[in-house]
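S.K.: Please read through the structure below; I'll follow up with questions.
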Amino acid sequence: MGKVPHGQIVTKTFPVLSASSTPDIDISSYKLRIYGEVENEFEFSWEELMKMPMSKKIVDIHCVTRWSRLGDEWEGISLKYLLSRAKPKGSFLMLRSSYVGYSANVPMDYVNDECMVAFRFNGQPLENEHGGPVRAFIPTLYFWKSTKWLDGIEVMKEDKPGFWEKRGYNMRGDYNKEERYWNGLNFVNKLAFFGSRDKNEK
Ligand SMILES: Nc1nc2c(c(=O)[nH]1)N[C@H]1C(S)=C(S)[C@@H](COP(=O)(O)O)O[C@H]1N2
Ligand SMILES: [Mo]
């Protein structure tokens, strides 16, 4: 376990933070799309994903609302592995859930071996309210970057704000630098995106 970042409080509960209600995902029609600035665009079915190598990591998570959980076991497909198959030509990601219109931008510099498309938590299938059956897991950044009910990984040449980043959260969200809320860059983004929302975003 790493050290607790400045300004965080450790909890043993697992709060649910959702900007929407919890969607019901039918795995028989589920597709994970990897697209955008990539050499190989992919659409993986649930069956195809389940055949991929899975890894388990013991990792801490840090929410921008100041709770941290230490040492949970997360299991899923390495995001680095999935990206290596798509061959990115850009260095920023947008992690999307079209089910609820949520998105979060993540610089690829922050994608390490602990980042994954996650299915299991402490040995159990992820609960729906925590993003089950499938969520992004990006423990290198504040937890809002870990899109629940993930079905799209867009690779981008330029960084763009996601759902919370348009609403004043930090463009990067590095908890070691306490990058919580808006900064100069967010202000510019807010102006640029004011009134213009992605079609698949609420
Ligand atoms: N689709 C979706 N993903 C999301 C959110 C959300 O509202 N919708 N909230 C984010 C925030 S702010 C946090 S802190 C974590 C919370 O995950 P949890 O509810 O499993 O604790 O999910 C992130 N991913
Ligand atoms: Mo959060």
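The values are calculated or read from the model by the stated rules, or taken from the named source; none is laboratory data. None of these values were measured; they are calculated from a predicted model. Heads up, the Cβs are rebuilt from the backbone with ideal geometry, glycines too, and the neighbour counts pull from every protein chain shown. With ligands, DNA and RNA removed, areas are computed over all heavy atoms of the protein, side chains included. Shrake-Rupley method; radii C 1.70, N 1.55, O 1.52, S 1.80 Å.
S.K.: Any chance you could tell me what percent of the C-alpha pair distances in segment 8-102 go past 17 Å?
M.R.: Tail of the P(r) past 17 Å holds 65 percent of the pairs.
S.K.: Build a GNM of the chain with springs between Cα atoms under 10 Å: which of 169, 30, 110 gets the top mean-square fluctuation?
M.R.: So, out of 169, 30, 110, the one fluctuating most is 30.
S.K.: Rounded to the nearest 20 debye, what is the charge dipole size of segment 97-174 about its Cα centre when +1 sits on each Lys and Arg Cβ and -1 on each Asp and Glu Cβ?
M.R.: 200
S.K.: I'd like to know how segment 118-184 sits against the 2.2 N^0.38 Å rule of thumb: what's its Cα Rg over that expected value?
M.R.: 1.22
S.K.: Also, quick follow-up: As an exercise, identify the trypsin sites (Lys or Arg not before Pro) in segment 66-124 lying in DSSP coil whose Cβ has no more than 16 other Cβ atoms within 10 Å.
M.R.: Taking segment 66-124 and a limit of 16 other Cβ atoms within 10 Å, the loop trypsin sites (Lys or Arg not before Pro) found are 66, 89.
S.K.: Any idea how far apart residue 178 and residue 16 come out in nm if each label point goes 7 Å out from Cα toward Cβ?
M.R.: Going from the residue 178 label point to the residue 16 one covers 3.2 nm.
S.K.: Here's something else I'd like to know. Using 7 Å Cα-to-Cβ label points, what is the residue 124/residue 109 separation (nm, one decimal)?
M.R.: Taking the simple label geometry, residue 124 and residue 109 are separated by 3.8 nm.
S.K.: In Å, the Kirkwood hydrodynamic radius of segment 74-138 over pairs of distinct alpha carbons?
M.R.: Value: 12.5 Å, from the Cα pair sum.
S.K.: Please report, to two decimal places, log10 I(q)/I(0) for the chain at q = 0.11, 0.18 Å⁻¹ as given by the Debye formula with identical point scatterers on the Cα atoms and no solvent.
M.R.: At q = 0.11, 0.18 Å⁻¹ the computed log10 ratios are -0.47, -1.37.
S.K.: Based on Cβ point charges of +1 for Lys and Arg and -1 for Asp and Glu, what charge dipole magnitude is obtained for the chain about its Cα centre, in debye rounded to the nearest 20?
M.R.: Dipole of the chain, to the nearest 20 debye: 460 debye.
S.K.: Please state the relative contact order of the chain as a whole percent: Cα pairs under 8 Å, 6+ residues apart?
M.R.: Relative contact order, the chain: 23 percent.
S.K.: Which is farthest toward the positive dipole end of the chain among 106, 118, 22, measuring Cα position about the Cα centre, with Cβ charges +1 (Lys, Arg) and -1 (Asp, Glu)?
M.R.: 106
S.K.: Roughly how many percent of the accessible protein surface of segment 26-180 is carbon and sulfur, given a 1.4 Å probe and a whole-percent answer?
M.R.: It is 45 percent, rounded to a whole number.
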